[in-house]
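The values are calculated or read from the model by the stated rules, or taken from the named source; none is laboratory data. Since the structure is predicted, the reported quantities are computational estimates derived from the model, not experimental observations. Please note: Cβ atoms are built from the backbone with ideal geometry, for glycine as well, and neighbour counts cover all protein chains shown.
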Amino acid sequence: MSDTETGLVPAPRRFAWVPPGKGLEVLDEETAINAGPGTESTARWLRATVGAATGLPLPDGDGHHNHLVLRIDPRAAGELGPEGYRIVIDGYGLFLDGADPAGLFWAAQTFRQMLGPDAFRRAPVAARDEWHVPCVTIQDAPRFGWRGALLDVARHFVPKDGVLRFLDLLAAHKLNVLHLHLTDDQGWRVEIERYPRLTEVGAWRSRTKLGHRASPLWDERPHGGYYTKDDLREIVAYAAERHITVVPEIDLPGHSQAAIAAYPELGNADVVDTAALGVRDTWGVSPNVLAPTDATLAFYENVLTEVLDVFPSRFVHIGGDECPKDQWKASPAARARMAAEGLADEKELQSWFIRHFDRWLAARGRRLIGWDEILEGGLAEGAAVASWRGYAGGVAAARAGHDVVMCPEQQVYLDHRQAPGPDEPVPIGWVRTLEDVYRFEPVPSELTPEEAGHVLGAQANLWTEVMEDQQRLDYQAFPRLAAFAEAVWSALPPPAERDFAHFEQRMAVHYRRLDALGVAYRPPGGPLPWQRRPGLLGRPIEGTPPIV
């Protein structure tokens, strides 16, 4: 029997109705939560979300009759796998078992879905004495350990509440990594106490390009914002309660104009008047990159020291992408550094930057991850690669024994348009439909099983050049992020064999959950009139690269 009626997204590995007649279990005023050892945080989450939506008190209890029983069973880890869970609702009770705390939390997310879309609201919308959940057994575990989404808060700042909301949306789809892109040419978003000008100057630009960088239109209002350290500690703690790791990105040596605008000595002052630079107000790749000096290295060591104090994540992203070499070629100081270090060319100079911070992070028990350009000039020994320019960088890294996160722009850049035609708001890059994302395969077929073991997982990237507010972010992310979640969670067959029709049937239910959450997703029939952006130039040519 199909699971279409429950509309679970992502699809669980095993689902069965119990009994065959599809009975129902009742939640009412008497239903209690029996929280076993180690399950307290999930119990709190259930009361705060399901309790608020249903109006049920869900008090503590210690029995099985009319109880929601939460258990962590490490002995089941071998059967279920990391982050795995089992749900049994059989008319005798409601049992949520996790192989570990994360698995139990994902079980609670599935349980919430089975209660219906109104369980995703923040308060009851109608007087109901009872809530029904179907009698089922579910056994489930994720396909990958890294199931991520990048949120670019540098191009357009996302206020703290928006980040917390985004974390809730990731958790609802069993995604467990938030890659937070905190610095770029257009803005610096993290408070660094030692260098206050990074936010006093670097967090603000005087105006903003509207649409693609070729557009003649401007928003003449200043734009900016940043997170205090306490804001970021709150974000990290909120994510951890939802079993999400926040991976910070501090971009270097390119994408650094905002930092140079704040501290001109960071730039190549022997070839450009760095003191005259401001925070970049348009898109594209800035030619202003960091100078390869000891002072620059020390500056970013100090920055990263404060970043590590806030973010406990094992991985720290240092960018390493799209670093023009023209200033280095023209700079006597850069050429002298290359000679002193025995570097053959500017690619090796970029690698010199990356290797330095790979060693620096490793000495502090962390691991560097960077975009696939860090392969150029020689890959740092302990580095992992985020493969964005297609699969090739990830394949090369995996074959060399390096860990990989797959995020190819051709498949999972969600700033790209969702359909052809003139109605898509600010059409950018390639057309990537809901079905395209659903069929995304993170593991290239040419990898051997041993090489494929280096694929940690995948992430979908949301670059915000043309996403100026929450509604635009919602539109680009959803529903495609739901399709991505299924690709990285569910143990699906090869992409061509995936049942997209079945996914669409389940999405018919899931759209109602997104409605309850207030997500301004792209409707299946196309953008609503107020979601369009007439007159804002994009790049609506199939096959051309996205804006950067």
Out of the strands (runs of 3 or more DSSP E) lying entirely within the stretch 5-86, which hold 1 or more residues that are on the phi > 0 side of the Ramachandran plot and surrounded by fewer than 20 Cβ atoms within 10 Å (Cβ to Cβ)? none
Contacts under 8 angstrom Cβ, first residue in the stretch 17-39 being under 14 Å from G63 (Cα atoms), partner in a loop (DSSP other than H, G, I, E, B) and of a type in the set (A, V, I, L, M), 6 or more apart: T31/L56; T31/L58; A32/L58; I33/L58
Name the single residue that is farthest from H402 (Cα to Cα) among those in the stretch 353-378 being crowded, with 21+ Cβ neighbours inside 10 Å and among the aromatic types (F, W, Y). F353
Among the residues of the stretch 429-463 satisfying the criterion of being touching a residue at least 24 places away in the same chain (Cβ under 8 Å) and of a type in the set (D, E, K, R), which is surrounded by the fewest Cβ atoms within 10 Å (Cβ to Cβ)? E446
Subset of the stretch 397-410 [in contact with a helix residue (DSSP H, G or I) (Cβ under 6 Å, 6 or more places away or on another chain) and surrounded by fewer than 20 Cβ atoms within 10 Å (Cβ to Cβ)]: R399
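Among the candidates G284, G342, which residue alone is at pLDDT below 95, farther than 14 Å from A380 by Cα, in the same structural domain as S256 (by TED's automatic domain parsing) and not basic (K, R)?
Numbers: G342 fails: at pLDDT below 95.
Unique residue meeting the criteria: G284.
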Take H179 and tell me if it is under 30 Å from P19 (Cβ atoms), assigned to a strand (DSSP E or B) and not hydroxyl-bearing (S, T, Y). no
For the stretch 214-231, how many residues are surrounded by 14 or more Cβ atoms within 10 Å (Cβ to Cβ) and either touching a Pro at 6+ places or on another chain (Cβ under 8 Å) or at pLDDT below 95 (or both)? 2
Residues of the stretch 141-183 being of a type in the set (D, E, K, R) and touching a helix residue (DSSP H, G or I) at 6+ places or on another chain (Cβ under 7 Å), in sequence order, are R143, R147, K160, K174
Matching option when the condition is farther than 27 Å from E40 by Cβ, aliphatic (A, V, I, L, M) and crowded, with 24+ Cβ neighbours inside 10 Å, among A127, A154: A154
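Is it the case that some residue within the stretch 102-114 is closer than 21 Å to Y85 by Cα and in a loop (DSSP other than H, G, I, E, B)? Talk me through it step by step, then tell me what you get.
Taking the stretch 102-114 and keeping what is closer than 21 Å to Y85 by Cα, we get 102-114.
Adding the requirement that they be in a loop (DSSP other than H, G, I, E, B) leaves none.
No.
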Restricting to the stretch 303-340, count the residues that are exposed (fewer than 14 other Cβ atoms within 10 Å of the Cβ) and of a type in the set (G, A, S). 4
Name the residue, out of L343, L349, that is surrounded by 15 or more Cβ atoms within 10 Å (Cβ to Cβ) and assigned to a loop (DSSP other than H, G, I, E, B). L343
Any helices (runs of 4 or more DSSP H) falling wholly within the stretch 433-548 and containing at least 2 residues that are in contact with a strand residue (DSSP E or B) (Cβ under 7 Å, 6 or more places away or on another chain), at pLDDT 95 or above and among the aromatic types (F, W, Y): 480-489
If you check L210 against the conditions, is it crowded, with 21+ Cβ neighbours inside 10 Å and aliphatic (A, V, I, L, M)? no
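Restricting attention to the stretch 470-519, report how many residues are polar (S, T, N, Q) and touching a helix residue (DSSP H, G or I) at 6+ places or on another chain (Cβ under 8 Å).
Filtering the stretch 470-519 for residues polar (S, T, N, Q) gives 470-471, 476, 490, 505.
Those left that are additionally touching a helix residue (DSSP H, G or I) at 6+ places or on another chain (Cβ under 8 Å): 470-471.
Here the count works out to 2.
Residues that are assigned by TED's automatic domain parsing to the domain that holds A48 and in a loop (DSSP other than H, G, I, E, B): does the stretch 191-200 have at least one?
First, the residues of the stretch 191-200 that are assigned by TED's automatic domain parsing to the domain that holds A48: none.
No, there is no match, as no residue in the stretch 191-200 is assigned by TED's automatic domain parsing to the domain that holds A48 and in a loop (DSSP other than H, G, I, E, B).
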Selection within the stretch 136-155 - part of a loop (DSSP other than H, G, I, E, B) and either farther than 14 Å from N461 by Cα or among the basic types (K, R) (or both): A141, P142, R143, F144, G145, R155
Output yes when any residue across the stretch 373-381 is in the same structural domain as A291 (by TED's automatic domain parsing) and in contact (Cβ under 8 Å) with a residue 40 or more places away in the chain, and no when none is. yes
Could you look through the stretch 243-274, keep only residues that are in contact with a Leu (Cβ under 6 Å, 6 or more places away or on another chain) and in a loop (DSSP other than H, G, I, E, B), and pick out the one that is surrounded by the most Cβ atoms within 10 Å (Cβ to Cβ)? S256
